[in-house]
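These notes are about the structure you will find just below.
The values are calculated or read from the model by the stated rules, or taken from the named source; none is laboratory data. Source: prediction; values computed, not measured. Don't worry about glycine lacking a Cβ; one is built from the backbone with ideal geometry, like all the others, and counts go over all protein chains shown. SASA here: full protein model, heavy atoms, side chains in, ligands and nucleic acids out. Shrake-Rupley method; radii C 1.70, N 1.55, O 1.52, S 1.80 Å.
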Amino acid sequence: MNMASSSLQSPHEGHDSASNVTFGFWLYLMTDCLLFASLFATFAVLRHHYAGGPDGRALFDLPGVYVETLFLLLSSVTNGFSLIAARQQRTHFVLAWLFLTAMFGMGFIWMEVGEFWTLVQQGHGPSKSAFLSAYFTLVGTHGAHVTVGLLWMWVMMIQVMDRGLTPRIQSRLVRLGMFWHFLDLIWVAVFSVVYLSGML
Amino acid sequence: MNQPSPERVLKGYLLGFTLCLVLTTVPFVLVMHGQASRNTLLAVIFSAAVLQILVQIRLFLHLDTSPEQRWTLMSLLYTLLIVGILVGGSLWIMHSTGAHMM
């Protein structure tokens, strides 16, 4: 029983079908990657179209973005720890690590919502300029993905408590892990392209 | 499938975390306090981002070049090709359009 040792090798409930499920989910992530690519392309084209409004330097709070980044990075690692615990059939550890992952994820969303709220309150909402439209769409789409991932995480915690670490649950945890790591990858591109480059 | 032991996976996560922390902190600190030129900063930001993405793919998503993961890797490379065409092509076209409308 070498379950959930890694995100891309999944438990075998019938070897072929399980690896097919993992591969199928990977292909979904690749299509999601294309969705983000189109939003990045849009942002890249419109990044200097301020329409007389503020640019990134006037709006972005880099220390805040750094903390958000640390939240996501820490949540990626704690999610990995939950997969290791799942492989060792330690239910309580799985739950504890998933809970911590969800806390970091919620911290990230909390800060992002706060940032959006402040921008809109200051009159710098998405309708202010093409730059801000592209910014809100790109960063907001990532945030929506994280929110869905958090919902999924709470559902998995309930399922683990309810049914234990069965092969089926383990296989779901592996896919949740893939999704969560993928969102951290996208975030690396977001903070590099949008925030850091936007400050130059 | 020859799967790594939990200890090795754990070490991978800790190593990945350390590397990502460095690759995140360096560009942030340089942009916030650095006096470096714009081009230097852009080079640092994008090389750190590419490195961090590679580290995460290897140590968090555990993707490698083993035969079992051949198709996973292929689909990733194909996706990267399309991403490159999409983003690079959009920038190229819109830049040309802008240049012609001056």
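Per residue of peptide A:145-158, the mean number of Cβ atoms on other chains within 10 Å of the residue Cβ is 0.
Length, then width, then depth: along the principal axes, the Cα atoms of chain B run 61, 38, 12 Å. Counting Cβ atoms of other protein chains within 10 Å of each residue's Cβ and taking the mean over peptide B:29-39 gives 2. Shown in residue order for segment A:148-159 are the 3J(HN,Hα) couplings computed by the Karplus curve 6.51 cos²θ - 1.76 cosθ + 1.60 at θ = phi - 60°: 4, x, 5, 4, 4, 5, 5, 4, 5, 4, 5, 5 Hz (x for Gly and Pro). The loop-placed chymotrypsin sites (Phe, Trp or Tyr not before Pro) in segment A:18-53, going by DSSP, include none that has at most 13 neighbouring Cβ atoms within 10 Å of its Cβ. The chymotrypsin sites (Phe, Trp or Tyr not before Pro) of segment B:37-102 include none that meets both criteria, a DSSP state outside H, G, I, E and B (loop) and at most 11 other C-beta atoms within 10 angstrom of the site's C-beta. As a fraction of the 1.4 Å probe accessible area of segment A:46-148, surface on carbon and sulfur atoms comes out at 68 percent. Per-residue Karplus couplings for segment A:165-180, computed as 6.51 cos²θ - 1.76 cosθ + 1.60 with θ equal to phi - 60°, are listed in order as 8, 6, x, 5, 5, 4, 5, 5, 4, 4, 5, 4, x, 4, 4, 5 Hz, Gly and Pro entered as x. Take segment B:1-62 with all the other protein chains still there, run a 1.4 Å probe, and you get 56 Å² of accessible area per residue. Converting phi to 3J(HN,Hα) with the Karplus coefficients 6.51, -1.76 and 1.60 and the offset θ = phi - 60°, segment A:186-200 yields 4, 5, 4, 5, 5, 5, 6, 7, 7, 7, 5, 5, x, 8, 7 Hz in sequence order, with x at every glycine or proline. In segment A:19-128, the inverse of the mean reciprocal separation of distinct Cα atoms equals 17.0 Å; this is its Kirkwood hydrodynamic radius. Note on B:86-97: average number of Cβ atoms from other chains within 10 Å of each residue's Cβ is 3. Angle of helix A:91-121 to the longest C-alpha principal axis of chain A, folded into 0 to 90 degrees and rounded to 10: 10°.
A simple spin-label model places pseudo-atoms 7 Å from Cα toward Cβ; at A:Arg57 and B:Leu51 they are separated by 2.7 nm.
Taking trypsin sites (Lys or Arg not before Pro) across segment A:12-119, the ones in a DSSP loop with at most 16 further Cβ atoms lying within 10 angstrom of their Cβ are A:Arg90.
Chain A and chain B together bury an accessible surface of about 4300 square angstrom, both sides counted, with a 1.4 Å probe and no ligands or nucleic acids included.
Taking a cut-off of 31 Å, what percent of all Cα-Cα pairs in the protein assembly as shown are separated by more than that? When every Cα pair of the protein assembly as shown is considered, 31 percent fall beyond 31 Å.
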